[in-house]
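For reference, the structure discussed in these notes is given below.
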Amino acid sequence: QITLKESGPTLVKPTQTLTLTCTFSGFSLTSSRVGVGWIRQPPGKALEWLALIYWDDDERYRPSLERRLTITKDTSKNQVVLTMTNMDPVDTATYYCIHVKQSYVWHIDYWGQGTLVTVSS
Amino acid sequence: DIQMTQSPSSLSASVGDRVTITCRASQSIRNYLNWYQQKPGKAPTLLIYASSLLQSGVPSRFSGSGSGTDFTLTISGLQPEDFATYYCQHSYSTPWTFGQGTKVEI
């Protein structure tokens, strides 16, 4: 059974750096055609894809945020970490960790419960 | 970026109704189209992937179709637990993008 859980601060100040950790179980990020990523959802708004890291270490980022984002993996700890620099109130959102796999097409088959991050001074 | 446009943004329906939600991509995405359901306060769950493949455990009243730029999610016989927001998402290339969502209300 695949599970993912997000952890990190619930409140950050403007200009600070956000670090979120996704701790997962039930799969290995060394298995081919899988990946772990992050999606966010501002309150009352739609889903926004942020970043992915694949089993082969390929990293992909949302172009508009690429300068602020870094995604890394630690396969020994079963963790993926997302850092986002220079946080702004518009970055207030629920951040979800996701498991993706390629079966016919890439799709998100598991989601974490999400963690609400508020950016405020 | 490939833009995904859903319609309608919301709809009202009754239990037992047949509901259709459409999703249009700004360019061809072949069948790289997935559908998700999200209930208030919860993470989304996968319903359909590759345009028409039903995710394991999802009731068969959910179906998807389409290819290229135009896609449809159909719920045949709406159930009380189906009142939720539905999102389409493409995985043709990164950045993956979602539609703005369709809220299905009573």
note = Exception for B:Leu78 within (1) part of a strand (DSSP E or B); (2) farther than 27 Å from A:Glu66 by Cα falls at (1)
inquiry  = When the residues of region B:70-82 are narrowed to those that are surrounded by fewer than 17 Cβ atoms within 10 Å (Cβ to Cβ) and more than 13 Å from the chain's Cα centre (by Cα), which ends up farthest from the other protein chains (Cβ to nearest Cβ)?
reply    = B:Gly77
message = Test of understanding: among A:Leu4, A:Leu47, A:Leu52, which residue is at the interface with another protein chain (Cβ under 10 Å from one of its Cβ atoms), over 12 Å from the mean Cα position of the chain (by Cα) and not acidic (Asp, Glu)?
response = A:Leu47
ask   = Which residue pairs have Cβ atoms under 8 Å apart, sit 6 or more places apart or on different chains, and have a first residue in region A:58-85 that is more than 14 Å from chain B (Cβ to nearest Cβ) and a second that is of a type in the set (Lys, Arg) and crowded, with 17+ Cβ neighbours inside 10 Å?
value = A:Gln79/A:Lys73; A:Val80/A:Lys73; A:Val81/A:Lys73; A:Met84/A:Arg68; A:Thr85/A:Arg68
ask   = Taking A:Tyr110 and the conditions (1) out of contact with any His (no Cβ under 6 Å at 6 or more places or on another chain); (2) closer than 28 Å to B:Ile48 by Cβ, which numbered condition does it fall short on, given that it satisfies the others?
value = (1)
key: Extreme residue, nearest to the other protein chains (Cβ to nearest Cβ), among residues of region B:6-19 that are surrounded by 13 or more Cβ atoms within 10 Å (Cβ to Cβ) and farther than 16 Å from A:Ala46 by Cα   = B:Leu11
task = Please find, within region A:35-85, the residue that is surrounded by the most Cβ atoms within 10 Å (Cβ to Cβ) out of those that are outside any strand (DSSP E or B) and in contact with a Pro (Cβ under 9 Å, 6 or more places away or on another chain).
result = A:Leu47
ask   = Could you give every pair whose Cβ atoms fall below 8 Å, whose first residue belongs to region B:35-60 and is at the interface with another protein chain (Cβ under 10 Å from one of its Cβ atoms), and whose second residue is acidic (Asp, Glu), counting only separations of at least 6 or pairs across chains?
value = B:Leu46/A:Asp109; B:Tyr49/A:Asp109; B:Gln55/A:Asp109
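Check A:Ser31, A:Ser121 and return the single one that is surrounded by fewer than 19 Cβ atoms within 10 Å (Cβ to Cβ) and in contact with a Pro (Cβ under 8 Å, 6 or more places away or on another chain).
Working: A:Ser31 fails: in contact with a Pro (Cβ under 8 Å, 6 or more places away or on another chain).
Exactly one of A:Ser31, A:Ser121 is surrounded by fewer than 19 Cβ atoms within 10 Å (Cβ to Cβ) and in contact with a Pro (Cβ under 8 Å, 6 or more places away or on another chain), namely A:Ser121.
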ask   = Residues in region B:93-106: is at least one closer than 15 Å to B:Leu53 by Cβ, more than 11 Å from the chain's Cα centre (by Cα) and touching a residue at least 24 places away in the same chain (Cβ under 8 Å)?
value = no
inquiry  = Tell me yes or no: at least one residue of region B:34-48 is farther than 21 Å from A:Glu48 by Cβ, within 15 Å of the chain's Cα centre (by Cα) and surrounded by 14 or more Cβ atoms within 10 Å (Cβ to Cβ).
reply    = no
key: Residue among A:Arg60, A:Arg68, A:Arg40 that alone is under 15 Å from the mean Cα position of the chain (by Cα), within 26 Å of B:Ser10 (Cβ to Cβ) and charged (D, E, K, R)   = A:Arg40
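Among the residues of region A:86-121, write down those that are within 14 Å of another protein chain (Cβ to nearest Cβ), within 16 Å of A:Leu47 (Cβ to Cβ) and not in a strand (DSSP E or B). I'd like the intermediate steps shown before the answer.
Residues of region A:86-121 within 14 Å of another protein chain (Cβ to nearest Cβ): A:93-116.
When the remaining residues are screened for being within 16 Å of A:Leu47 (Cβ to Cβ), the result is A:93-100, A:106-116.
A:Gly112, A:Gln113, A:Gly114, listed by residue number.
Say we look at region B:85-106 and pick out the residues that are over 18 Å from A:Arg40 (Cα atoms) and within 14 Å of chain A (Cβ to nearest Cβ); which of these is surrounded by the most Cβ atoms within 10 Å (Cβ to Cβ)?
By that ranking, first place goes to B:Tyr92.
FYI, it's all coordinate maths here, none of it is from the lab. Remember, it's a predicted structure, so these values are computed and weren't measured experimentally. Glycine also receives a Cβ, built like all others from the backbone with ideal geometry; neighbour counts cover every protein chain displayed.
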